[in-house]
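The next block holds one structure in the form of structure tokens; read it before the comments.
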């Protein structure tokens, strides 16, 4: 697949703003491995191959296990994810899809209890950011080639 925007300069403003979100996210107390799980799960839901490849690579570099990444879409079916990770993944799915007009109360309570109010706001920004990146990569057809093994 070829990217639809060949002039990288045309996307400079968009990238600068998105990178500002990433800079803030890196300054939060959220663990890098958790951030990768969140970004990977939202990218799976959105069908963003570019972001799935990127966050698989980054997650592995940060010490994430291959088997956990392989079963991430079925995280409810395994005990490999901590209660905090489960709360984050449920929150990620609910905020990404916003099915039925909002986030279920039990998902909100579990996430707030696991992260506190500030942490939940930071977690929400991670979900917003990756959904934004997915919405850049998918319509502009970002290729996955830079992340493939040669």
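The values are calculated or read from the model by the stated rules, or taken from the named source; none is laboratory data. In this text the structure is predicted, and so the values were computed from the model without any measurement. Virtual Cβ from ideal backbone geometry, glycine too; neighbours counted across all protein chains shown.
Among the residues of the stretch 129-141, those that are in a helix (DSSP H, G or I) and either buried (at least 16 other Cβ atoms within 10 Å of the Cβ) or modelled with pLDDT of 95 or more (or both) comprise 129, 130, 131, 133, 134, 136, 137. Residues that are surrounded by fewer than 14 Cβ atoms within 10 Å (Cβ to Cβ) and free of Cβ contacts under 8 Å to residues at least 60 places away in the same chain number at least 1 in the following helices (runs of 4 or more DSSP H) confined to the stretch 23-124: 49-61, 66-70, 83-97. For residue 13, are the conditions met, namely being within 18 Å of residue 131 (Cα to Cα), assigned to a helix (DSSP H, G or I) and in contact (Cβ under 8 Å) with a residue 24 or more places away in the chain? Against the criterion (within 18 Å of residue 131 (Cα to Cα), assigned to a helix (DSSP H, G or I) and in contact (Cβ under 8 Å) with a residue 24 or more places away in the chain), residue 13 does not qualify. Screening residue 144 with (1) at pLDDT below 95; (2) farther than 30 Å from residue 12 by Cβ; (3) surrounded by fewer than 17 Cβ atoms within 10 Å (Cβ to Cβ); (4) over 14 Å from the mean Cα position of the chain (by Cα) gives one miss only, at (2).
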